[in-house]
1. Tell me which residues, restricted to region 99-113, are exposed (fewer than 13 other Cβ atoms within 10 Å of the Cβ) and without any contact (Cβ under 8 Å) to a residue 40 or more places away in the chain.
2. With the condition kept exactly as written, say whether any residue in region 106-117 is on the phi > 0 side of the Ramachandran plot and either in a helix (DSSP H, G or I) or over 21 Å from the mean Cα position of the chain (by Cα) (or both).
3. Identify, please: which residue in region 32-78 is under 12 Å from the mean Cα position of the chain (by Cα), free of Cβ contacts under 8 Å to residues at least 12 places away in the same chain and surrounded by 12 or more Cβ atoms within 10 Å (Cβ to Cβ) and is, among those, nearest to residue 105 (Cα to Cα)?
4. State all residues of region 79-90 that are loosely packed, with under 14 Cβ neighbours inside 10 Å and free of Cβ contacts under 8 Å to residues at least 40 places away in the same chain; if no residue qualifies, say none.
């Protein structure tokens, strides 16, 4: 009888532990999945705004390109981990949102008062 109770208690504990871990894994995989969807959506919008800005800045496009390359280096330095072949998706989302906001402001500025080159760095 005692052995039966111990076996049932162990089985119940391991079952509960497995169910708890499953929830943790589901949350983790969901956060990765939705994080990627958010990042790709932001990146798509960033590309759209960047292309619009590049059309307006035909003469000074090289400044926009250099600004974008510098931003990519900063983002990758902060969010990418080549030694483990991984990326902190929340960090990438944060950097991309900030860059998107920055480029939207530059686009609005260029359309309203003209592009101020010094604002790109």
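Computed from the coordinates by the stated procedures, all read-outs in this text should not be read as laboratory data. Fair warning: this is a prediction, and the values are worked out from it, not measured in the lab. Here Cβ is always computed from backbone atoms with ideal geometry, including for glycine, and neighbour counts include all displayed protein chains.
1. If the condition is that a residue be exposed (fewer than 13 other Cβ atoms within 10 Å of the Cβ) and without any contact (Cβ under 8 Å) to a residue 40 or more places away in the chain, then 101, 105, 108, 112, 113 are the ones that fit.
2. yes
3. 41
4. Keep residues of region 79-90 that are loosely packed, with under 14 Cβ neighbours inside 10 Å, which gives 81-86, 90.
The answer is 81, 82, 83, 84, 85, 86.
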